[in-house]
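For reference, the structure is listed below as structure tokens.
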Amino acid sequence: MGALSDSTQAADAPFGLLGRKLGHSYSPAIHGELAGIPYRLIELEPHELGSFLQQTGWQGLNVTVPYKHAVVPFLDELTPTAQRLGNVNTIVRRADGTLLGDNTDFAGFHALVSALGVDVAGKRALVLGGSGGAGTTCSAVLCDLGADVVSVGRSGPVTYDDLPHYSDAALLVNATPLGMYPNCPEAPCTLDALPDLEGVIDLIYNPARTALIIEAEQRGMPAVNGLLMLVAQAAEADRLFTGESISKDRIQATAETLARLEQNVALIGMPGAGKTRVGRELARLTGRQHVDIDVELEMRLGTTCSDFIIEQGEEAFRVQETHVLADIAKASRLVISCGGGVVTRPENYALLHQNSRIVMLDRPLEELSSRGRPLSAQNGVQALAEQRMPLYRSWADRIIASRASASLTAQAVLQELQLDVRLRGEAGELEA
């Protein structure tokens, strides 16, 4: 599957997302891809809510904050799931005109637990932020799956300070916004007090890999973000809207396409490997913004990178490089050309990995030039390669051999990452 298909957002589209401030949302594209339905974004002020719901020009709605509770008084009936969770994220107009409220987040989180592959029956599961709306949904699903669920919060019966008392927990779920862009990488806790964990779920999907997910990866355990839940709950809503079920394969494929579109492409490799030229071409082909870390550094430092290294030393330069990388790499849908020495500081890997697919450009050493590169000139290309090549290869999600031109190399990256289309328009936060 390629890009998410465009979806009609005509004012009279019978389906849509109801909220107060929606901005740019992928919801029309998701529902268009999953069910082929015309879908619009509907922004209303609180005083407009009742009159809109009483209109007859719509057939089905998704509901997001701040209206998941506010819509309930206007509905004729709630499903058992919506009654149990105490809020609604989907409304269907039935054949007799009455309004039915449901909550498809329950099905969405159930799909996420299934994708993780950890059997929670008879095991302890910790839900961070378990008393909130999202946490309540997670807890309900886990209880139905037979887990011993413990809600953890900043206050209440169980707090983060109590985590060592629950060291036997098999699953950790983050249902808080801690770690979400732009405040990343952050986390509500570490996994140090939970040696028996078998898996981690973080409902955040921007960045793609939160600090909790990266820590879980480092410990060799499965971990998933909330993107699949976003798509799976939309698929369940579409089933209610149309009566047609959507296959797990289609749900998974749509989530994977979203992940490809959202994540950055970060280019690493030896100095002179062509990261800047390939990055520019790749950005042109995909319609993304290109950011060259060295150019960004020079703007902030007020001098060239080579002059700064000569005057201040490499270590001072690497500190500044990490600061810039922390600001840039947490964003989405960028093409990032990194400096050749970015791999010399281990902390830079997490900064890139959190929201990028890392591509190493592999160019023969004899084709690399040291002109204008003080470290290459000082140490020699071969010596730098011996130090850095193992790091490039260990960091890279993909390794692409350089072609005869930057254009051909960019096309090879594009094909390998399945970024085969230009993004249309301005995309913002994913919105359920």
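Quick note: the coordinates plus some simple rules give every number you see, no bench work behind them. Computed from a predicted model, the values in this text were never measured in an experiment. No Cβ is skipped: glycine too gets one built from the backbone with ideal geometry, and neighbour counts run over all protein chains shown.
Which FRET efficiency value, to the nearest 0.05, do you get for Leu365 and Glu43 by plugging their Cβ-Cβ distance into 1/(1 + (r/R0)^6) with R0 = 56 Å?
Numbers: r = 56 Å, r/R0 = 1.00.
My answer for the efficiency is 0.50.
Please report, to two decimal places, log10 I(q)/I(0) for segment 305-353 at q = 0.15 Å⁻¹ as given by the Debye formula with identical point scatterers on the Cα atoms and no solvent.
Once normalised to I(0) and log-transformed, intensities are -0.40.
Among Ser332, Ser167, Ser151, which one moves the most in a GNM of the chain with springs linking Cα atoms closer than 10 Å?
Among Ser332, Ser167, Ser151, the largest GNM mean-square fluctuation belongs to Ser167.
Exposure proxy check: His110, His24 ranked by fewest other beta carbons within 10 Å?
Least to most surrounded, the residues fall as His24, His110.
Can you bin segment 113-173 into rounded, prolate or oblate? Criterion: square roots of the alpha carbon gyration tensor eigenvalues sorted a ≥ b ≥ c, rounded for a/c under 1.5, prolate for a/b above b/c, oblate for the rest. Don't skip to the answer; put the middle values down first.
On the way: a/c = 2.13, a/b = 1.34, b/c = 1.59.
Judged from the Cα gyration tensor, segment 113-173 comes out oblate (a/c at least 1.5, b/c at or above a/b).
Over segment 263-417, what is the mean sequence separation of C-alpha contacts under 8 Å (at least six apart), divided by residue count, expressed as relative contact order in percent?
Details: 242 pairs, mean separation 57.4, N = 155.
Computed over segment 263-417, the figure is 37 percent.
Which one, Asp144, Asp119, Asp168, has the greatest fluctuation when you compute a Gaussian network model over the chain with C-alpha springs under 10 angstrom?
Looking only at Asp144, Asp119, Asp168, the largest GNM fluctuation is found for Asp144.
When a footprinting reagent is the concern and you count Cβ atoms within 10 Å, what order do Tyr392, Tyr160 take, fewest first?
Details: Tyr392 21, Tyr160 12.
Exposure proxy ranking, most exposed first: Tyr160, Tyr392.
If amide H atoms are built 1.01 Å from N in the plane of the peptide, which residues on other chains or at least 5 residues away come under 5 Å of the amide H of Leu78?
Distant-sequence amide H within range of Leu78: Gly101.
Please state the shape class of segment 118-221: rounded when a/c is under 1.5, otherwise prolate if a/b exceeds b/c and oblate if not, all from the C-alpha gyration tensor. Before the final figure, lay out the partial values.
Working: a/c = 1.40, a/b = 1.23, b/c = 1.13.
The shape class here is rounded.
Subtract the Cα-Cα distance of Arg20 and Leu301 from 0.36 nm times their separation in residues, and report this length gain in nm to one decimal.
97.0 nm
Any aspartates and glutamates with Cα under 13 Å of the Lys123 Cα? List them, leaving off those in the same chain fewer than 8 positions away.
List returned: Asp144, Asp148, Asp168, Asp196, Glu198.
I'd like the distance between the alpha-carbon centres of segment 44-71 and segment 178-213, rounded to an integer number of Å.
33 Å
Nearest-5 percent of antiparallel DSSP beta bridges in the chain?
Details: 7 of 50 bridges.
If we restrict to bridges inside the chain, about 15 percent are antiparallel.
Counting other beta carbons within 10 Å of each residue's own, what order do Ser407, Ser114, Ser25, Ser51 fall into, fewest first?
On the way: Ser407 16, Ser114 13, Ser25 20, Ser51 10.
Placing the least packed residue first, the sequence is Ser51, Ser114, Ser407, Ser25.
Using helices alone, what [θ] at 222 nm do you get for the chain, with -39,500 (n - 2.57) per DSSP H run of 4 or more residues, divided over all residues and rounded to the nearest 500?
Values: 16 runs with 168 residues, N = 432.
Theoretical 222 nm ellipticity from helices: -11500 deg cm²/dmol.
Can you return the aspartates and glutamates within cross-link range of Lys330? Criterion is Cα-Cα under 12 Å, with same-chain partners fewer than 8 residues away left out.
Glu186, Glu262
Taking Rg/Rh (Cα atoms, Kirkwood Rh) straight from the coordinates, which label in (i) 1.08; (ii) 1.02; (iii) 0.96 is the correct one?
Of the listed options (i) 1.08; (ii) 1.02; (iii) 0.96, (ii) comes from this structure.
Work out how much length Gln418 to Glu386 would gain on full extension: take 0.36 nm times their residue separation and subtract the Cα-Cα distance, in nm to one decimal. Walk me through the intermediate numbers first.
On the way: separation 32, 0.36 × 32 = 11.52 nm, distance 3.12 nm.
Computed gain between Gln418 and Glu386 is 8.4 nm.
Taking every pair of alpha-carbon atoms in segment 281-415, what share in percent sits in each 5 Å bin, from 0 to the bin with the longest distance?
2, 9, 18, 22, 23, 18, 7, 1, 0
Given a Förster radius of 51 Å and the C-beta distance between Arg277 and Thr190 as r, what FRET efficiency does 1/(1 + (r/R0)^6) yield to the nearest 0.05? Each step should come with its number before you reach the end.
Values: r = 41 Å, r/R0 = 0.79.
Efficiency for this residue pair is about 0.80.
In straight Cα distance, which lysines are under 17 Å from Lys21, not counting same-chain residues fewer than 8 positions off?
Answer for Lys21, where 17 Å is the Cα cut-off: Lys68, listed by chain and number.
7 Å from Cα along Cα→Cβ at both Arg84 and His323: what's the point-to-point distance in nm?
Once both label points are built, they end up 5.2 nm from each other.
Please state the shape class of segment 38-170: rounded when a/c is under 1.5, otherwise prolate if a/b exceeds b/c and oblate if not, all from the C-alpha gyration tensor. Mind showing how you got there, number by number?
Working: a/c = 2.95, a/b = 2.10, b/c = 1.40.
Here segment 38-170 falls in the prolate category.
Apply the Karplus parameterisation 6.51 cos²θ - 1.76 cosθ + 1.60, with θ equal to phi minus 60°, to every residue of segment 91-98 and state each ³J(HN,Hα) to the nearest whole Hz, in sequence, with x for glycine and proline.
10, 10, 8, 7, 4, 8, x, 6
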